[in-house]
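Nothing in this text is a laboratory measurement; each read-out follows from the coordinates by a stated rule. Just so you know, these numbers come straight off a predicted model, no measurement behind them. As a convention, Cβ positions derive from the backbone with ideal geometry for all residues, glycine included, and neighbour counts pool all protein chains shown.
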Amino acid sequence: MFAQTAASPFRYGVFLRPDPRTCALLTDLHLLLRQSYGLVSCAAYPPHATLAGNVPTDAPEDELADRIGAALSDTSAFTAYNTGIEKGGGGIGSICGCMSAVGGSGARKRP
């Protein structure tokens, strides 16, 4: 067992990545937003949905991989839907392509 401490020099994340075609489309869109409006946040990272991000740990990578594998072992594949561009709560620069929930049934509704 390991303790998560803010003092850990290592930080990890678990991300879902879209298929290559969607990834290329979102990357082009993010570049356009950066060039047209100076929005750099989206272009700074590849398209993804974060399951867990910026997790501080001193655990070895093989232990992390084993724990993630065990946590997801009973999880079935699911479809995520790109719901388009939305403005996040952080103001300008937080506008990115957003992924909605799983399989359509739990999809977040837009206001």
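Here is how the numbers come out for the structure above:
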quantity	calculated
Scan of the range 34-76 for residues that are small (Gly, Ala, Ser), in contact with a strand residue (DSSP E or B) (Cβ under 7 Å, 6 or more places away or on another chain) and surrounded by fewer than 14 Cβ atoms within 10 Å (Cβ to Cβ), ordered by number	52, 53
Pairs, first touching a residue at least 24 places away in the same chain (Cβ under 8 Å) in the range 36-53, second part of a loop (DSSP other than H, G, I, E, B) and among the aliphatic types (A, V, I, L, M), C-beta under 8 Å, six or more apart	39/92
